[in-house]
DNA sequence: CCACTAACATAGCATTCGCTAACATCGAGT
DNA sequence: ACTCGATGTTAGCGAATGCTATGTTAGTGG
């Protein structure tokens, strides 16, 4: 039985769809690491076969991977946050939201790296990427904070400012953990998020009379 | 009187020090725009003469510009904040600090672009860059917040968490204004900072009895 | 004025890059 | 077994890149 030279049985032929997916996955890693100009088509071509059967140009491939990556977002937002929303557990809500964000960045550094690279490179999909991330988050936070304001528990605050401020605070920390890992506070991330949440929550709760 | 062909009188010869500075300035713009791999030495060489008389390699030049840019930081921090510190004007302190950060990013996008590019590219000076930025800021905020906690005005909060949280919230907004200008809140930056400051300040002030 | 040196300009080298073309091989169908 | 088409591999093209080498020119000092 003759294999192509140097290829194991595991490297059998894939159908077009699977091969395309494999190319995208490999390319995500390489572009996330090196950016558009830094990652070479030769690098990518040596990691996955028949690159040019699927993508005419490097730009086409980059666009495809940016689009694919931007479709992802923080997972389990609904499952995680819904219990706290139902219980009106403000602390649980914000704390767990913060933890989800940090965990997501920690687990998938490629996500934020590609977000940043695409923005710095002026990619046409960068705004879309950012908006998709934001929308996933805003849906929950705006809904919950409006509810809590209406109930008189939260102070009268522009809901969007509130939502984006919390996101900014937490994602800045999460981003630094990915991009400047040696420069973050020497503190367990759970403790850090907990403390940030306490400050923030105290800032949005109505003062007790 | 014969000039070199196509050169105006304005392009007289510079001494080595001035020429080096001019090369660094031009290179900062090009590297901030395109990153290390995206900016070509030919681009730079066509913008400023005798590049290779001053820098042996592209990497040497990049290192020089990263180092130069990382020495910069938010200007007028002392002049602006000291009056508020002396007056114990918490609101004024944080609000003006926030505005300074936003104005600085708006005025010098190259600063944050190079910070991000250097981090994404894994440059050896990226951490230094980030730390220098942070130190300038922390000096003031830690000092002030410790003072205010001692005076019993601010709640007992880890000062570093406090300082970094505010910075994170504001710089996330400032960064988005540079990198995702179409995605920021439709609101005057002064108003946005004011609202963020109010949330934050409420979060750190002791509850009134 | 001349000589010298530092600043400047440009042609070109070797290597790398994105991509194409030609060929090889697998796998399904007859 | 054979054929055909889709998947896979590799050599090589033309252009781009970082850098070197060579020659030109400005400016200073004697």
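Laid out as a table, the results:
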read-out	value
Hydrodynamic radius (Kirkwood) for the protein assembly as shown, which is based on Cα pairs only, to one decimal in Å	23.8
Degrees, to the nearest 10: A:126-150 long Cα axis against longest axis of chain A	20
Average beta carbon contacts from partner chains per residue of B:77-86, 10 Å cutoff	0
Residue mean of other protein chain beta carbons inside 10 Å, B:150-157	1
Partner chain coverage, peptide A:115-121 - average Cβ within 10 angstrom	6
Gaussian network model of chain A, Cα within-10 Å springs - most flexible of A:148, A:20, A:37	A:37
Selected from B:151, B:47, B:167 as most flexible by GNM, with chain B as the system and alpha-carbon contacts under 10 Å	B:151
Convex hull of Cα atoms in the range A:13-91, direction-averaged projection (nm²)	7.4
Max mean-square fluctuation residue, GNM over chain B, Cα-Cα springs under 10 Å, options B:96, B:34, B:158	B:158
Between helix A:77-87 and chain A: long-axis angle, C-alpha atoms, 0 to 90°, nearest 10	10
C-alpha long axis of helix A:189-204 to longest principal axis of chain A, angle in °	40
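Here, each number is a calculation from the coordinates, and none is a lab measurement. Being a predicted model, the structure only gives us computed values, none of them experimental. For neighbour counting, all protein chains shown are included, and Cβ atoms are generated from backbone atoms with ideal geometry for every residue, glycine included.
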